[in-house]
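In what follows, a single structure is set out as structure tokens and then discussed.
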Amino acid sequence: MKLRDLEIFVVAPPPPGWGGRYWIFVRLTTDNGISGMGEVYAASVGPDAMRAVIADVFSRHMEGENPENIELMFRRAYSAGFTQRPDLSVMGAFSGLEIACWDILGKAHERPVYALLGGLMNARIRAYTYLYPLPHHDIDAFWNSPDMAAESALAMVDLGFTAVKFDPAGPYTIRGGHQPAMRDISRSVAFCRAIREAVGDRADLLFGTHGQFTTSGAIRLGKAIEPYQPLWFEEPVPPDNLAEFAEVARHVHIPIATGERMTTRAEFGAVLRTGGAAILQPALGRSGGILETKKIAGMAEAFNAQIAPHLYAGPVEWAANIQLAANIPNLLMVETIGTGGEFHLPLIRHAIRVEDGHIRAPTAPGLGIEFDEALARAHPFTGTGLHLQMQEAPCNYESENRFAGGAPAVKE
């Protein structure tokens, strides 16, 4: 069995577009006709450029290879061009292609991917969701409204979720870490208070920041929300200085979570060695793929750290996350989008179900999904923006800051 053909799909979810402006899916086909799906979560360049990177990684390192030889193909891509170090775009391309190889192998052996990784550890997988506007909410006002967030949190908990995530702490800028505005600290406290009062002890609070703050700024904010017992303080400082996570962890009594913008065990190992993270959040379409992320989970075990796979992408990465989650012993939970996502679910023909805030480990071969190619082709990405956008303007200390929950613009 040899890898023969590659096809790339760049799909735009319809508004409001939870999950980003576009998703990049790959399909690999072998010389004996078995196809597998993967998803590339790499967004430093636009999708046209990523198409070229994906095609190059495939033709240079994978085409004609047996899909079983994942370790060999990983080392080729990781070491390419005499680099032998993490590269977000190259490893993002490889990650999606590697996921497709596992889908092929599962189908070839008529077993789910987790069965090939060591078997089933978690038959019922805890899920969490971001807080999104309810149908009657003003979508623009929602992101800075503690009352709307609390209402959304209660609705999610009533559906069975035992953890909800929110990120009210100001702008997401290109400028690296900044000090939070006092308004942002006050709003963050108000969100934690309102949500905790709404859900009581029925759910964990997951506080996100998207790497916005200086070390001292993260400590100021973290101490302010400590009384509400968040389960995690996510990516409190930019991911380009891993040592500073440990400094925040020494001062803030909330577990530090990070990993959505990191790739391979080289970066995850570095943050573990500093003592800066208790919870790792690899995005499998970026972190090196399924096998590499299983290695990351194994390293985390040695540091008594847990894994909570990240998802702000499409449903193929979600399916890969679930396969890994079913297998590893130090799983905390997996991210999902609401109860699965209004566009995510039909794109995989509703193959994954979120029930009572949990996901049952799939039993179908491979990733356990069926990709709706016609639906994907009916929603091509035609915009010019990146998967997510950062603002150029600095933090506003005079009036209100706003981060719209990762929602893309309705119009480009």
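Spacing of the modelled spin labels on Arg353 and Ser186, each 7 Å from Cα toward Cβ, amounts to 4.8 nm. Each DSSP beta bridge with both residues in the chain is either parallel or antiparallel, and the antiparallel ones are about 50%. Compactness of region 72-137 is given as radius of gyration and Dmax, 17.8, 55 Å, from Cα positions. Only DSSP H runs of four or more residues enter the estimate; each adds -39500 (n - 2.57), and after division by the residues of the chain the mean residue ellipticity at 222 nm equals -11000 deg cm²/dmol.
Computed from label points 7 Å out along Cα-Cβ, the spacing between Ser59 and Asp240 is 3.2 nm. Protection proxy ranking, highest mean first, for peptides 293-299, 208-214, 376-382: 208-214, 293-299, 376-382, where packing is the per-residue count of other beta-carbon atoms within 10 Å, averaged.
Charge dipole (Cα centre; +1 on Lys/Arg Cβ, -1 on Asp/Glu Cβ; no other charges) of the chain amounts to roughly 600 debye.
Amide H to amide H distances under 5 Å link Arg4 with Thr29, Thr30, Asp31, Gly64, where only residues 5 or more positions off or on other chains count and H is placed in the peptide plane.
Across the chain, C-alpha contacts under 8 Å between residues 6 or more apart give a mean separation that, scaled by the residue count, equals a relative contact order of 24 percent. Of the trypsin sites (Lys or Arg not before Pro) found in region 1-76, the ones in coil according to DSSP and having at most 15 other Cβ atoms within 10 Å of their Cβ are Lys2. One Cα centroid belongs to region 73-116, the other to region 236-276; the line between them spans 24 Å. Computed FRET efficiency, Cβ-Cβ of Leu386 and Thr29, R0 30 Å: what is it to the nearest 0.05? Computed FRET efficiency for Leu386 and Thr29: 0.55.
Using the Cβ-Cβ distance between Arg360 and Arg85 with R0 = 35 Å, the FRET efficiency computed as 1/(1 + (r/R0)^6) comes to roughly 0.35.
With N residues in the chain, what two-decimal value do you get for its Cα radius of gyration over 2.2 N^0.38 Å? Ratio of Cα Rg to 2.2 N^0.38 Å: 0.93. Straight-line cross-link partners of Lys165 among the lysines, defined as a Cα under 30 Å from its Cα and at least 8 positions apart when in the same chain: Lys223, Lys294, Lys295, Lys411.
Values quoted throughout were computed directly from the atomic coordinates according to the rules given, and no laboratory measurement underlies them. Please read these numbers as outputs of a predicted model, since none were measured by experiment. Here the Cβ is made from the backbone with ideal geometry for all residues, glycine too, and neighbour counts use every protein chain on show.
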